[in-house]
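Here's the structure we're looking at; comments come further down.
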Amino acid sequence: FDASRNGLKSFQVDDRQKQYGLNEMDQQEKLLKFQKAVFAEIEQKTAMIRTDAEQNKTCALEQAKEALLAKAENELHEKTAEIRQENRRETAKCSLELKRTLLKRRTELTEKIFAEVEDKLRAYRQTEEYRNELLKRVAAFSAAHPTTDPVLSVGEDDMALADSLQKAFGRPCELCADSAAALGGFIVFDRAQNLYYDETFAQKLADQKPY
């Protein structure tokens, strides 16, 4: 009976050892599964963190790129505005200088042309045609302006025509020389009405000049 009891005890111990071994293997397997799960989760989290980091990096780069582009665009606009303003200033300056140059050139040409005309008038005054024309103009003026106390002024050279001028005027008048009529023509001053008539070539020429 004791032997059987001992055998039974031995069987029970072996069974317990086997059961313990199975439990230990089961725990190790569970531990391995847990470790795998933990490592898999760690890898997943790490991948997500890496992906987020890459996305954040890309986003940050894009934002920095956009900021740089915006800054460059603003600087370009500012430089463009400065260049346009400078061009307007230069254009206005050139336009003003051009106007001054053209005005100066126009004045020079005008003076040259009128100087040539004055030379031609001086030459014309020496002709018989001019003397006849002067007498005709004096007679026409006198007929159109019935002055009562006139003074007739002519150039110094035309005083040689004094008698003809008096006759052409058609009524008594005072005759005198005036340098203002040096280019030809005549001046009449109506002392009774205080009126002044300038019929000189110099005045007619001045009326043609651009001011």
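The values are calculated or read from the model by the stated rules, or taken from the named source; none is laboratory data. What you are looking at is a predicted structure, and each value in this text was computed from that prediction instead of being measured. Please note: Cβ atoms are built from the backbone with ideal geometry, for glycine as well, and neighbour counts cover all protein chains shown. Remember, those area values only see protein heavy atoms, side chains included, never the ligands or the DNA or RNA. Shrake-Rupley method; radii C 1.70, N 1.55, O 1.52, S 1.80 Å.
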Inset, instruction - Show the residues, 5+ positions off or on another chain, whose built amide H is closer than 5 Å to the amide H of residue 185. - result: 201
Legend entry - DSSP beta bridge pairing in the range 64-211, given as percent antiparallel to the nearest 5: 75
Inset, instruction - Give, in nm to one decimal, the length gained when the segment between residue 89 and residue 159 is fully stretched (0.36 nm per residue of separation minus the Cα-Cα distance). - result: 19.2 nm
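Order the peptides 146-152, 197-203, 91-97 from the highest to the lowest mean number of other Cβ atoms within 10 Å of their residues.
197-203, 146-152, 91-97
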Inset, instruction - For residue 59 paired with residue 40, estimate the spin-label separation in nm (one decimal), with each label point 7 Å from Cα along the Cα-to-Cβ line. - result: 2.9
Inset, instruction - Find the accessible area per residue for the range 65-157; the probe is 1.4 Å, ligands and nucleic acids are left out, and the unit is Å². - result: 78
